[in-house]
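Below is one structure, written out as structure tokens, with a few remarks after it.
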Amino acid sequence: MEKMSWLSKLNPRAAAGPRASRGASLQGPVMADPETCLMVFKNHWAQVLRILEKRGPHMAPGAADDLSAVRNNTYQMVTLLAEERPRAELAMGPILEFAVSEGVLEHLLGWHLQREVPEERKVELLKLFEMLISQAHQPLLHQKAVLGPLLRLLALCAEPASPLLESNLVLLLNQLCVSVARDPPLLELFFHSPSEQGPPHLLLFSLLIPFIHHEGVVGQQARDALLLLMAVSSGNRTVARYITEHSYFCPVSPRELAARCFCPAGPGEGLVP
């Protein structure tokens, strides 16, 4: 009851319980002072942390209830974090600062990954990150405590999967590419360049490539996202060289993409400044 009374101060949606809030979009700022929002966030996190420290997410007596509690509290925390508006342009809001210092997303993802993750749970996690990134009012992706768990989740979704998982994966990738287009320095954070052995790797690019030939919304979102990445890469020689020399994009894509008026240029043309 205490938790719900706090939530009712923040948002009438939340007072209706998790069933009402599930799948809802985030609309409008939280109508409460930052201290109250932080207090509610910490309350949710304390409930989650008790479960995380108790046992892993395997099926055992009470495990289903634990998973439901983690899911519902996580949704409320993501909502609060996404709606937070920092007071100063370059400062972190108090909720983000707390989430970073406590490693909230790292702990949550680590708990889910203690055993093999069912596909439906991957879909839930993809949706949560997409909601968080698309609705946030502060640059979350510059924080390692946000980017690290995100990259770890994306890497888990690299294998072929169901249409539902693939559509949610591409939607998140598209949103990430929009964020990169708005804030080009972010591109370097997604680019892995090993110092000694192995080719460089741009996870966003490699995950999008399999979907560029798809029909419908998924294919269009993938192609739009790649357009944004390539536009940003024109100002980044290292990433542009990765696309032309180490990715599978140039050998296989110009024919298909030219037919869609996506990439009329030849392989690699215009990528390296």
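Worth a mention:
- Helices (runs of 4 or more DSSP H) contained in region 34-131 and holding at least 2 residues farther than 25 Å from V170 by Cβ, touching a residue at least 40 places away in the same chain (Cβ under 8 Å) and among the charged types (D, E, K, R): 34-54
- Any hit, region 46-60, residues being over 17 Å from G110 (Cβ atoms) and modelled with pLDDT under 95: yes
Table: residues versus (1) surrounded by fewer than 21 Cβ atoms within 10 Å (Cβ to Cβ); (2) of a type outside the set (S, T, N, Q).
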position	(1), (2)
N72	yes, no
T79	no, no
H107	yes, yes
L113	yes, yes
S134	yes, no
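- Meets criteria (surrounded by fewer than 21 Cβ atoms within 10 Å (Cβ to Cβ), of a type in the set (K, R) and in a helix (DSSP H, G or I)) for R152: yes
- Residue list for region 132-149, filter: assigned to a loop (DSSP other than H, G, I, E, B) and farther than 14 Å from V178 by Cα: H137, Q138, Q143
- Criterion (modelled with pLDDT under 95, under 19 Å from the mean Cα position of the chain (by Cα) and closer than 21 Å to L147 by Cβ) met by exactly one of L113, L80: L113
The values are calculated or read from the model by the stated rules, or taken from the named source; none is laboratory data. If you're wondering where the values come from, they're calculated on a predicted model, not measured in any experiment. So basically every Cβ, Gly included, is an ideal-geometry build from the backbone, and we count neighbours across all protein chains shown.
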